[in-house]
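These notes concern the structure reproduced below.
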Amino acid sequence: MLINPLTQLTEEEEMFRDAIRIFSEDKIKPLTQKMDEEETFDSDLLKQFFKINLMGIQIPEQWGGAGGSFFMSILAVEELSRVDPSAGVIVDVQNTLVNNALLNWGTKKQKSQYLPQLSSHKVGAYALSESGAGSDAFALKTIATADGNSFLLNGQKLWTTNALEADIFVVFATVDPNLGHRGITAFLVEKSFPGFSLGKKEIKLGIRASSTCEVILNDCRVPNENVLGEIGNGYKVSIETLNEGRIGIAGQMIGLADGALHFAIQYSRERKQFDQSLSNFQAIRFQLAELSTQLEAARLLTYNAARMKDVGKPFIREAAMAKYFASQVAEKITSQAIEILGGYGYTRDYPVEKYFRDSKIGKIYEGTSFMQLETISKFILSKKD
Ligand SMILES: Cc1cc2nc3c(=O)[nH]c(=O)nc-3n(C[C@H](O)[C@H](O)[C@H](O)COP(=O)(O)OP(=O)(O)OC[C@H]3O[C@@H](n4cnc5c(N)ncnc54)[C@H](O)[C@@H]3O)c2cc1C
């Protein structure tokens, strides 16, 4: 039996990856530093994401998407993040959280209404976290009160990625706090709904071009038909989408680690000290070899988790391991890349300090590293010999 190496791509996947690599180098790279400094994502660039179908990778063609696999979404996030991890997370949230929530849980009507918009011109966002509900996400306080043929949502969401650009929000609220997690319900909320507004935009350490804002719901009226999944089933919607989303974050981390490592390798060839290239020093060569090995291991975990999702096998443990390990490796590679560049690496004249800042978020969002270890340990300890 022929077993393909996990990192081997099909012809179609290879063409897809190469096209995004060229796009990222040509269109994103010239804007990356400016967008980071201005903490704004270029709106024309976002329009180009829609034009080349990056915002609806898995959406079937009947709704205007590319009809691709989950693995292709991860490849796209990886490639974009190689040049700009902010671009990576915008595409990640759209595809792995918002589009997938709709594909997995949406009614026929919701799909035919929202998926064509999401694949052609509207950005989506995913609003679960609150000030008192982070790792303990189901302690959320946003309340949804039934009012005739709609619900009134009241509460405040924190940390919503893509909020500034988004028109469509997947919002989680409880219909009855006494029901615990069984009261949690997902809603499709449009920016234009009465009672919806954005609050503070966060000033961040990294992924600064990606917007992160408060979402304020003040008697926000949402029609009953915009309940996503069933009432009280929101905890399932969120757990299942975040399990998939985690693989996207692993993709973001391996992409940015690859970008930083690639730069450090090139630099080590060009920079001369003691009349020779840095890459002649065994200390540098061994660091590059060690980091490349770690990156390859992280990529294998990530691709494996994505492939398992695509073939319909359980992947929760694999997704947690991929995100946990890839974010650890990304932090290490980007940090050492700065050292390989020496003083130059510490300045904004070179891109590695940005990769380092951007890497830190991998250990925090879509479940912190401790939460991933919780998930992994549950699997290990539940296994009886
Ligand atoms: C830039 C950014 C973008 C984000 N985007 C989104 C988004 O789009 N949508 C969304 O809903 N949320 C988003 N988040 C929120 C993110 O998912 C949370 O920040 C994350 O889940 C952690 O929650 P917290 O910040 O409240 O930290 P806490 O939950 O307060 O955790 C603080 C520390 O305590 C540890 N800890 C907590 N509980 C335990 C435990 N039981 N055992 C061991 N350690 C524990 C954590 O690991 C962490 O180290 C984003 C956050 C950031 C910073």
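Peptides 225-232, 208-215 ranked from most to least packed by the mean count of surrounding Cβ atoms within 10 Å: 208-215, 225-232. When peptides 95-108, 340-353 are ranked by their average number of other Cβ atoms within 10 Å per residue, the highest-first order is 95-108, 340-353. Amide hydrogen proximity for LEU228: with H placed 1.01 Å from N in the peptide plane, the residues at 5 or more positions away or on another chain lying under 5 Å are ALA186, PHE187, LEU188.
Quick check: net charge around LEU31, other residues with Cβ under 14 Å of its Cβ, Lys/Arg +1 and Asp/Glu -1?
Values: positive: LYS27, LYS29, LYS34, LYS47, ARG208, LYS354; negative: GLU25, ASP26, ASP36, GLU37, GLU38, GLU39, ASP42, ASP44, ASP84.
With Lys, Arg at +1 and Asp, Glu at -1, the neighbours total -3.
Using θ = phi - 60° in the Karplus curve 6.51 cos²θ - 1.76 cosθ + 1.60, the 3J(HN,Hα) couplings for segment 131-148 round to 4, x, 9, x, 4, 8, 4, 7, 8, 4, 10, 4, 10, 10, 10, 5, 8, x Hz; x is entered for Gly and Pro.
Report the gain in length on full extension from LYS200 to GLU296: 0.36 nm times residue separation, minus Cα-Cα distance, nm rounded to one decimal. Walk me through the intermediate numbers first.
Working: separation 96, 0.36 × 96 = 34.56 nm, distance 3.87 nm.
Roughly 30.7 nm would be gained on extension.
Under the membrane-span-like helix rule (DSSP H runs whose alpha carbons stretch at least 30 Å along the helix axis, mean Kyte-Doolittle hydropathy -0.5 or higher), the chain yields 234-270, 282-310, 316-340.
So if I take the alpha carbon set of segment 128-229, get Rg, then get Rh from the Kirkwood formula, what is the Rg over Rh ratio? The partial results should precede the final answer.
Details: Rg = 13.3 Å, Rh = 13.8 Å.
Checking Rg against Rh, the ratio lands at 0.97.
Percent antiparallel among DSSP beta bridges with both residues in the chain, to the nearest 5? List each step's numbers first, then the result.
Values: 30 of 36 bridges.
Approximately 85 percent, going by the DSSP bridge assignments.
Computed over segment 11-122, relative contact order equals 29 percent, with contacts defined as Cα pairs under 8 Å that lie 6+ residues apart. Listed values for segment 187-193 are Karplus-derived 3J(HN,Hα) couplings in whole Hz (6.51 cos²θ - 1.76 cosθ + 1.60, θ = phi - 60°), namely 10, 8, 10, 8, 4, 7, 5, and x replaces Gly and Pro. Using the average count of surrounding beta-carbon atoms within 10 Å as a protection proxy, the listed peptides 263-271, 355-363 rank, highest first, as 355-363, 263-271. Shown in residue order for segment 163-170 are the 3J(HN,Hα) couplings computed by the Karplus curve 6.51 cos²θ - 1.76 cosθ + 1.60 at θ = phi - 60°: 4, 5, 8, 7, 10, 10, 10, 8 Hz (x for Gly and Pro).
Read-outs throughout are calculated quantities, based only on the coordinates presented, and are distinct from any laboratory measurement. All values reported here derive from a predicted model rather than from experimental measurement. Virtual Cβ from ideal backbone geometry, glycine too; neighbours counted across all protein chains shown.
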